[in-house]
Protein chains: 2
Amino acid sequence: MPNSEAIYIEKLRNSGLRPTKQRIRICEVLFNREKTFHFSINELMKIIQTKNNQKISLATVYNTIHTLKKKGHLKEINVGNDMSYFDTNTHSHHHFYDNQTKELVDINSDEVQIKKNPVPPNGKKIMDIEVTFKISKE
Amino acid sequence: MPNSEAIYIEKLRNSGLRPTKQRIRICEVLFNREKTFHFSINELMKIIQTKNNQKISLATVYNTIHTLKKKGHLKEINVGNDMSYFDTNTHSHHHFYDNQTKELVDINSDEVQIKKNPVPPNGKKIMDIEVTFKISKE
DNA sequence: AGCTACTTTATAATCATTCTAAACTACTTG
DNA sequence: CAAGTAGTTTAGAATGATTATAAAGTAGCT
Ligand SMILES: [Mn+2]
Ligand SMILES: [Mn+2]
Ligand SMILES: [Zn+2]
Ligand SMILES: [Zn+2]
């Protein structure tokens, strides 16, 4: 039993989620990584099917991802309007986005600074700032 | 015949599009405004159905919006992953976005300035920068 | 007026996502 | 540990935005 499994069981328990084998598997795919992981549900499904003998149903993957998001372990990224992207980096941060390859790359928060914030509409306050640097080849 | 109609006929002609009555109507709804207009296809359909006696089919609205986008008269906005938003402001600019009300508000480009740009990944260059200020009540 | 390419339209198809409801399982309690 | 219960998984159906199809209509040209 690899060390990581116990960690994810704890992580799930701490969020009030039962550590089922499906959830643990998904956590391993998501969080057992060096770098931030940006993914669509479809990409995640493929990875799971490859790395895994027992299949996890599509509905469970959706359920689990949404639950992890609700519990604050994932962020949803708005980039491209065709499908949802998720991000294992839950801190407020910014991205490079290549519209051709549909690749997202994290930018360290301190690499981007806004000189002055605009004044929000009346009765509203700024909760988060997301900067997307759209990049392309050459 | 209001003045605006002639303008849109020209606009369409200049883009190599035949000025059909459907396209002219859509242009009037989109561009005959003081402020920037942010909309989903669904919202646009409703406005057209209200302001109009003769109906325009859903397919034509999709076709026309995509064509106008291709010709550079509209921008597509990535915010929320459930449906596409479009923007009559085609300049590079930034937005307030209220996730509750799903309202987009333009921010004048010169009201936001990035101190230093991050270095893009190897072989890539920055084409555009989009800043979204997520706002909420109070 | 007639031709032809472009356009509109109703309708079907697609595809991501959500819903349903039945089978299954983790944890609690006795 | 045996049951009970709430939480979970799952296959499949449903939904909703978007795109494709293909037939009928129209704009611009001759
Ligand atoms: Mn989006
Ligand atoms: Mn969709
Ligand atoms: Zn990220
Ligand atoms: Zn705008």
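The values are calculated or read from the model by the stated rules, or taken from the named source; none is laboratory data. None of the values given here were measured: they were computed from a predicted structure. Here Cβ is always computed from backbone atoms with ideal geometry, including for glycine, and neighbour counts include all displayed protein chains. SASA here: full protein model, heavy atoms, side chains in, ligands and nucleic acids out. Shrake-Rupley method; radii C 1.70, N 1.55, O 1.52, S 1.80 Å.
Of the residues making up the range B:96-122, those that are within 14 Å of ligand 1 (Cβ to nearest atom) and at the interface with another protein chain (Cβ under 10 Å from one of its Cβ atoms) are B:97, B:99. Among the residues making up the range B:45-72, those that are within 14 Å of DNA strand C (Cβ to nearest atom), open to solvent by 40 Å² or more (accessible area, probe 1.4 Å) and assigned to a loop (DSSP other than H, G, I, E, B) are B:53, B:54, B:55, B:57, B:71.
The one condition from (1) more than 16 Å from ligand 2 (Cβ to nearest atom); (2) assigned to a helix (DSSP H, G or I); (3) not hydroxyl-bearing (Ser, Thr, Tyr) that residue A:42 does not meet is (1).
Take residue B:4 and decide whether it is in contact with a helix residue (DSSP H, G or I) (Cβ under 7 Å, 6 or more places away or on another chain), free of Cβ contacts under 8 Å to residues at least 40 places away in the same chain, surrounded by fewer than 18 Cβ atoms within 10 Å (Cβ to Cβ) and not hydrophobic (A, V, I, L, M, F, W, C). Yes, satisfied. Among the residues making up the range B:21-39, those that are part of a helix (DSSP H, G or I) and under 23 Å from residue B:79 (Cβ atoms) are B:26, B:29, B:30, B:31. Applying a threshold of 6 Å to beta carbon distances and a minimum spacing of six or more residues, or different chains, the list of pairs starting in the range B:19-39 at a residue that is open to solvent by 10 Å² or more (accessible area, probe 1.4 Å) and ending at one that is within 16 Å of ligand 2 (Cβ to nearest atom) reads B:38/B:85.
If we scan the range B:76-96, do we find a residue that is touching a residue at least 60 places away in the same chain (Cβ under 8 Å) and more than 13 Å from residue A:80 (Cα to Cα)? Checked against the condition, which is being touching a residue at least 60 places away in the same chain (Cβ under 8 Å) and more than 13 Å from residue A:80 (Cα to Cα), the range B:76-96 yields no hits at all. The sole residue among B:52, B:78, B:89, B:63 that is more than 10 Å from the chain's Cα centre (by Cα) and within 19 Å of residue A:130 (Cβ to Cβ) is B:78.
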